[in-house]
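Where a number appears in this text, it was derived from the coordinates with a stated rule and is not lab data. Keep in mind the model is a prediction, meaning the values are calculated, not measured. Reconstructed Cβ throughout: ideal geometry from the backbone, glycine too, with neighbour counts over all protein chains shown.
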Amino acid sequence: MNNFTFKLVCQCGSTDARVGEFHTPHGVVHTPRFMPVGTLANVKTVTPAQLKECKAEMILANTYHLHLQPGEDIVAEAGGLHKFMNWDGPILTDSGGFQVFSLSEIRSISENGVQFRSPRDGNTINLTPEKSIQIQNQLGADVIMAFDECAPYPATYEAVKLAGQRTTRWLERCIKAHDRKDDQALFGIVQGGVFLDLRQQSARELIEFDLPGYAIGGVSVGEPPELIEKIVKATTPLLPADKPRYLMGVGTYKEMAQAVAAGIDLFDCVIPTRFARHSVALVRGERWNLKNQKFKRDFTPIDRECNCYACQNFSRAYISHLVRSQEILGYTLLSIHNITELIRFTQQMRQAIIENCFVEKFGHYLVEDSPAHADKVGH
Ligand SMILES: [Zn+2]
C-alpha cells in the first residue's frame, strides 16, 4: 500500500483545517481539493486537456453508470479507465451504492446486497459488495470506494442504525474481495444519517480496518444544509489524521469551507457541470444565469480576474448568445469556468491555511446563518 501516502503539510492554528499531499500511482493531489465528476468516464462537455487547464488533479467516475454502459469489461479491455478516457491523473470511482439507493428501481435490499432493475433494459441486476469491488477493480481507478448502504432522508433512527451496521459488515466483504491492493486504495464510507452518535459509531468501526482513506457519505441527500456541518464536525475528529478524508457529494462554497475547517481534504460535486448545462456561472459565491437579458450586450468576461480559458477569451454576451442558442460550446465554456472557480476556491483555502490566515479570509463562511451561502443569487 506504499503507492498511497498522505503527507500532512501544515495545519491551521485556529481550526482543524489542514493542508496535505495525497500521493497516488497517477500523481499527487494537493488538498484541500475539489474533484470534478466524470460520471460516464467524461466530465460533460470538457476534454481532459481542458480539465488540466482548470487545474483538476483527481477526477471521479461512477461505477453504477459505467457498469450499465459501456460495461467494465470494455473499460478493462481498453486498458482501464485512465487509458479509455485518456486521463493520466488520479481517478476515483464510487461504489455504485449511492446511485443504486437513490436512482434505481430497487427490488430488494438484503444482507447479500441490492437487487434493482436496470434502467437501460429492465434486467435485474444484483449489486453486492463483492460485485462492486470486482467492477471497480476492472475499471482500475486509483481510489475505489466501499459498497455502503445509504439510508434515505428522512429515515428512523433504527433504520439508519441498521444501515450503518450493515455498511461495516459490507466493508469487511469489500476488503476481502479487493484484488488490487497495490495500485488501488479502498476507502471506507462513514454512514449514520443525521444521527451524530451513529455517525461516530460508524467512524469508530471503520477505522478498525486501517484503510488508506475515509469518506463521509450519505450527506446531501435532502437534509437541511446546516446538518452537514454538524455531521462533519462530529465525525472528522475520529478519523485518523494521517489519512485523506473525503466528503462525498458536497461542492458549495459554504459547505466546503465549513468542512475544510473541520479537517476534510477532498470534495466532489456535479454542481459546476450541471449548472453550466443550465446556463449558470458560479462567480465568487453567486450564481448568474447567462440567459438573463442584462448579459446580452455585456462584452466583459464572466470574471475579469479569472484566468480560465472562458474568461480569458470570451465575453458574457457571447456565452449568453451561445446558451440561448443551446450551442454546446456555451456549456463547455461555462463548465470550464465553473470547474476552475470551485477548484480555485479550494486552492485559495489551501493557500490561506499555509499563510495562517484561513479564519481571516474564510471565517465569514463559518458563522451560522452567514449570508455567504452559495445559494445566494446575485448580480
Ligand atoms: Zn473563468
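Taken over the alpha carbons of region 254-379 as equal point scatterers, the Debye sum produces base-10 log I(q)/I(0) values at 0.11, 0.18, 0.22 Å⁻¹ of -0.40, -0.95, -1.24.
Taking amide H positions as modeled 1.01 Å from N, with prolines and chain starts lacking one, the residues under 5 Å from THR31 and 5 or more places away or on another chain are GLY20, GLU21, PHE22. Sorting TYR318, TYR157 from the fewest to the most surrounding beta carbons within 10 angstrom yields TYR157, TYR318. Only beta bridges with both residues in the chain are counted; by DSSP, about 50 percent of them are antiparallel.
Taking other Cβ atoms within 10 Å as a rough exposure proxy, GLU305, GLU105, GLU172 sort from fewest to most as GLU305, GLU105, GLU172.
The distance from the alpha carbon centre of region 167-195 to that of region 201-251 is 13 Å, rounded to a whole number.
For the chain, modelled as a GNM with alpha-carbon contacts under 10 angstrom, which of MET145, MET85, MET58 fluctuates the most? Among MET145, MET85, MET58, the largest GNM mean-square fluctuation belongs to MET85. Applying a threshold of 32 Å to the alpha-carbon distances of LYS44/LYS161; LYS83/LYS161; LYS254/LYS294; LYS55/LYS161 flags LYS44/LYS161; LYS83/LYS161; LYS55/LYS161 as lying beyond it. Summarising the label geometry, the points placed 7 Å from Cα in the beta-carbon direction at GLN293 and SER118 lie 5.0 nm from one another. In a Gaussian network model over the chain where Cα atoms closer than 10 Å are linked, find which of PRO36, PRO70, PRO272 has the largest mean-square fluctuation. Answer for the Gaussian network model of the chain: PRO70.
Rounding to the nearest 10 and keeping the result within 0 to 90°, find how far the Cα-based axis of helix 129-139 lies from the longest principal axis of the chain. It is inclined by approximately 50 degrees.
Could you tell me the center-to-center distance, by alpha carbons, between region 1-31 and region 259-309 in angstrom? Taking the Cα centre of region 259-309 as reference, the centre of region 1-31 is 27 Å away. When the chain is treated as a GNM, springs tying every alpha-carbon pair under 10 Å, which of SER220, SER315, SER108 comes out with the largest mean-square fluctuation? Highest fluctuation of the listed residues: SER108. Shown in residue order for region 241-255 are the 3J(HN,Hα) couplings computed by the Karplus curve 6.51 cos²θ - 1.76 cosθ + 1.60 at θ = phi - 60°: 5, 9, 10, x, 10, 10, 9, 7, x, 10, x, 9, 4, 5, 5 Hz (x for Gly and Pro). Listed values for region 158-166 are Karplus-derived 3J(HN,Hα) couplings in whole Hz (6.51 cos²θ - 1.76 cosθ + 1.60, θ = phi - 60°), namely 5, 5, 5, 4, 5, 5, x, 5, 5, and x replaces Gly and Pro.
Annotation: peptides 190-200, 249-259, 279-289, ranked by per-residue average of other Cβ atoms within 10 Å with the highest first, follow the order 249-259, 190-200, 279-289. Ordering ARG166, ARG274 by the number of other Cβ atoms within 10 Å of each residue's own Cβ, fewest first, gives ARG274, ARG166.
Per the Debye calculation on the chain with a single equal scatterer at every Cα and no solvent contribution, log₁₀ I(q)/I(0) for q = 0.07, 0.12 Å⁻¹ amounts to -0.30, -0.91. Summing Lys and Arg as +1 and Asp and Glu as -1 over all other residues whose Cβ lies under 15 Å from the Cβ of THR124 gives a net charge of +2. Measuring from centroid to centroid over Cα atoms, what is the spacing of region 73-113 and region 335-360 in Å? Cα centroid of region 73-113 versus Cα centroid of region 335-360: 29 Å apart. Modelled spin-label separation between SER102 and LYS176, with each label point placed 7 Å from Cα along the Cα-to-Cβ direction: 3.0 nm.
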